[in-house]
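Only one structure is covered here, and it is reproduced in the block below.
FYI, it's all coordinate maths here, none of it is from the lab. Note that the structure is predicted; figures quoted are calculated from it, not measured. Counting neighbours? That spans all protein chains shown, and the Cβs are built from the backbone with ideal geometry, glycine included.
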Amino acid sequence: MPITDTRAQAIIDWLIGTVKLKIINFEIASSDASFRRYFRVTHQQGQHIVMDAPPEKENTEPFIRIAQQLKSAGINVPAIYQQNQAQGFLLLEDFGCCCFLDKLNSINATELYHSAFKSLQQLQFSSALSQAQLPCYDEALLNKELNIFYQWFLGQYLNLSISSNTKSLLNQALISSALEQPQTCVHRDFHSRNLMFLAKNSPGIIDFQDAVIGPISYDLVSLLRDCYIAWPEEDVLRWMTEYFQQLTKSGLINTDLTTFTRWFDLMGLQRHLKAIGIFSRLYLRDNKPDYLADIPRTLTYIRHICSKYPELDEFNQFLNTSILPTYKNKK
């Protein structure tokens with residue numbers, strides 16, 4: 001690729017000068033919703049991914065530390081072969097270009113989700129991970145995430161304000177539900193774009209650096225009510241029930257299906273509100289308009305859950321009388 005930015009050139013200098021690679025090809029592999037970028041480098045010894053994490057904006061330490069913890073728990077995360085934390089460069093195992101989102105269809109969905117369940121069980125069932133020095137998904141963090149929705153989607157994108165009472169009732173319902181759940185290791189972005197389809201030991205798990213100790217339903221609803229692909233509700237509930245049965249058998253939960261479904265639904269609502277805020281911020285602040293295409297699917301999840309629970313009635317009314325009409329006119 002033509003090298004037009006100084007960080008890309010710095011990566012190449014590091015790979016050649018320090019890592020001693022004889023480079024054949026160097027190209028952008030992907031970027032994500034943060035300031036990180038990923039390059040694919042092909043060289044005489046093989047092929048790897050290079051993470052570019054500008055140190056003034058991103059910290060590679062959590063990625064390195066959590067990768068070691070997940071690898072020790074038997075979870076298939078990329079190996080880290082070389083690191084330059086001062087510059088924010090990591091040389092990683094290459095899991096290829098094919099994620100679950102590229103492969104999922106109505107025929108293979110159950111098979112692929114069952115393979116994801118196995119990785120999720122490793123994540124949640126590991127006592128070492130549950131006791132790892134990870135941040136807690138506490139009330140402050142849950143509030144912070146909901147504020148992304150209020151600030152960026154309602155305020156900046158739609159130019160709407162929400163009453164303090166409606167906001168308080170919504171926050172109370174979602175946060176209390178999250179905090180009453182058993183707490184376990186949470187990937188936090190366990191969805192189809194971060195599960196890589198591999199010929200062996202699939203899936204490969206990426207983008208785990210924001211892992212926390214938090215609600216047991218979080219990663220499951222991230223996977224099954226994915227912002228990037230949607231399934232019929234009967235399929236979602238069937239898969240959820242299958243995983244609930246595994247959690248019950250393992251002893252990680254001791255509750256009934258009705259309670260777990262409520263946890264699952266309200267956790268999904270919290271996540272989807274945050275996601276819509278992030279999609280709006282990526283567009284308005286970071287000039288990444290492609291994420292706007294994921295808002296309608298995510299709003300559909302929100303509409304469904306808000307109509308299901310009486311404690312969400314006030315927000316549901318605001319959703320239907322203010323948010324949805326304004327969003328429709330915005331488009």
Gaussian network model of the chain, Cα within-10 Å springs - most flexible of G88, G96, G46: G46
Among Y113, Y228, Y81: highest mean-square fluctuation, GNM of the chain, C-alpha pairs under 10 Å: Y81
Dipole magnitude of the chain about its Cα centre (Cβ charges: Lys, Arg +1; Asp, Glu -1), debye to nearest 20: 420 debye
At R0 = 30 Å, FRET efficiency that the Cβ-Cβ distance of K330 and S164 yields, to 0.05: 0.80
Under the Karplus curve 6.51 cos²θ - 1.76 cosθ + 1.60, θ = phi - 60°, whole-Hz ³J(HN,Hα) for the range 9-22, x wherever Gly or Pro sits: 5, 5, 4, 4, 4, 5, 4, 7, x, 9, 7, 6, 8, 9
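Assuming R0 = 30 Å, what is the FRET efficiency of A199 and T6, from their Cβ-Cβ distance, to the nearest 0.05? Don't skip to the end; give the middle numbers.
On the way: r = 37 Å, r/R0 = 1.23.
So the FRET efficiency works out to roughly 0.20.
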Rounded FRET efficiency, nearest 0.05, which uses the C-beta distance separating I64 from T300 and R0 of 41 Å: 0.65
Distant-in-sequence amide H partners of C98 (H built 1.01 Å from N, under 5 Å): F197
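Convert 10 °C to kelvin, take the viscosity as 1.306 mPa s, use the Kirkwood radius over C-alpha pairs of the range 135-244 as Rh, and evaluate the Stokes-Einstein diffusion coefficient in µm²/s, rounded to a whole number.
Values: Rh = 15.9 Å.
Rounded to a whole number, D works out at 100 µm²/s.
Using 0.36 nm per residue, how much length does the chain from T42 to S72 gain when fully extended, once their Cα-Cα distance is taken away? Don't jump to the answer; show the numbers that get you there.
Values: separation 30, 0.36 × 30 = 10.80 nm, distance 2.79 nm.
Extra length available between T42 and S72 comes to 8.0 nm.
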Amide H contacts of L92 (H built 1.01 Å from N, under 5 Å, at least 5 apart or other chain): I49, V50, M51, Y81
Reachable lysines, given that their alpha-carbon falls under 21 Å from the alpha-carbon of K308 and they are not under 8 places away in the same chain: K167, K274
The range 76-219 - charge dipole about Cα centre, Lys and Arg +1 at Cβ, Asp and Glu -1, debye rounded to 20: 120 debye
Extension gain from L237 to Q85, taking 0.36 nm per residue of separation minus the Cα-Cα distance: 50.4 nm
Rough spin-label spacing in nm, given labels placed 7 Å along Cα→Cβ, for L141 and L101: 2.3 nm
Residue among Q245, Q69, Q45 with the largest mean-square fluctuation in a Gaussian network model of the chain, springs linking Cα atoms under 10 Å: Q45
Longest to shortest principal axis, alpha-carbon extents of the range 6-92, angstrom: 35, 29, 22
DSSP-loop trypsin sites (Lys or Arg not before Pro) across the range 221-291, with at most 11 other Cβ within 10 angstrom: R285
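If contacts are Cα pairs under 8 angstrom and at least 6 residues apart, what is the relative contact order of the chain in percent? The partial results should precede the final answer.
On the way: 473 pairs, mean separation 51.4, N = 331.
Relative contact order, the chain: 16 percent.
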Integer Hz, Karplus 6.51/-1.76/1.60 couplings in order for the range 286-297, x for Gly and Pro: 10, 6, 10, x, 4, 5, 4, 5, 8, 5, x, 4
Additional length obtainable on full extension of the chain from T110 to N287, 0.36 nm per residue less Cα span: 60.1 nm
